1. Please report the accessible area of V111 (heavy atoms, 1.4 Å probe, ligands and nucleic acids excluded) in Å², nearest 10.
2. Please find, in a Gaussian network model of the chain (springs between Cα atoms separated by less than 10 Å), the residue of I33, I126, I53 whose mean-square fluctuation is greatest.
3. Output the antiparallel fraction of DSSP beta bridges having both residues in the stretch 19-129, as a percent to the nearest 5.
4. Heavy atoms of the protein only, probe of 1.4 Å, neighbouring chains included. What is the accessible area of I46 in Å², nearest 10?
5. Ignoring ligands, DNA and RNA, how do H107, H128 rank by accessible area with a 1.4 Å probe, largest first?
6. Where the Cα atoms of the chain are projected onto their three principal axes, how long is each span, largest first, in whole Å?
7. Just from the alpha-carbon atoms, what are the Rg and Dmax of the stretch 107-214 in angstroms?
8. Report, to the nearest whole %, how much of the accessible area of the chain belongs to carbon and sulfur atoms, 1.4 Å probe, protein only.
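The values are calculated or read from the model by the stated rules, or taken from the named source; none is laboratory data. Not measured: the values here are computed from a predicted model. Ideal geometry is used to build each Cβ from the backbone, glycine not excepted, and the neighbour counts take in all protein chains shown. Accessible surface areas use protein heavy atoms only, side chains included; no ligands, DNA or RNA. Shrake-Rupley method; radii C 1.70, N 1.55, O 1.52, S 1.80 Å.
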Amino acid sequence: MNKIQIAPSILSADFAAMGEAVEALERCGADLIHCDVMDGSFVPKITFGSDMIEAVRRHTSLPLDVHLMCVNPLAKAEEFAQAGASGLTVHAEACGAGLLQALREIHSLGVRAGVAVSPDTPLQGIYHCLEIADMLLVMSVYPGKGGQKLIERTLAKATEARRFFESAGAEKDIEMDGGITEENVAAVKAAGVNVIVAGNTVFRAPDMAKTIAELRDRTR
Ligand code: DX5
Ligand code: ZN
């Protein structure tokens with residue numbers, strides 16, 4: 001089973017103090033920084049672009065796990081890679097038939113390539129892409145905002161993916177994103193997930209280090 005990684009999402013950080021927020025996440029034991037890029041087209045909200053990734057890059061040595069909730073994500077991939085992204089995750093729904101090529105192009109930029117699927121998107125039809133992706137992001141909420149409730153039925157999709165990877169002898173990361181709390185994180189891990197995204201749960205916590213440790217303890 002792949003190593004459990006806690007990836008707080010800066011979507012829930014104070015955007016007016018983002019440098020301090022990522023420095024605090026690193027101090028408090030995060031493994032990755034999950035960066036939710038929203039373009040106002042793929043989802044209604046606009047969050048930030050590659051300039052924010054460049055700024056965050058100067059404040060932490062942690063890998064930057066960039067989640068591109070964008071139409072035509074490839075158009076900006078090089079910009080994000082040059083800004084310091086460690087991994088770029090693109091939505092299957094945004095790439096359509098171009099998903100395989102998108103992953104290849106992300107790899108050619110020298111960064112990890114992830115595929116994200118929204119709650120209503122089945123894995124059927126993208127298995128061939130999972131063979132070259134480094135990570136699958138199973139959205140446990142509809143993309144577009146933090147602080148939503150985890151959609152239970154998405155756990156089965158993570159399990160399906162874990163079985164697919166195991167049958168292929170591939171130790172790939174499966175990330176889950178949206179609505180993860182101390183109460184449900186054990187079930188998320190049991191479903192086969194090893195990269196835990198948590199925005200609201202971490203940033204609303206009175207003690208971030210304690211909450212990150214709690215998420216890790218409950219996934220041992
Ligand atoms: C949705 C975002 C959120 C965020 C985590 O588009 O991707 O899921 O990362 O949100 P919460 O606050 O639910 O952990
Ligand atoms: Zn995300």
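1. 20 Å²
2. Among I33, I126, I53, the largest GNM mean-square fluctuation belongs to I126.
3. Working: 1 of 16 bridges.
Roughly 5 percent of the beta bridges in the stretch 19-129 run antiparallel, per DSSP.
4. 130 Å²
5. Most to least solvent-accessible, the answer reads H128, H107.
6. Largest to smallest, the principal-axis extents are 43, 36, 29 Å.
7. 14.2, 43
8. 51 percent
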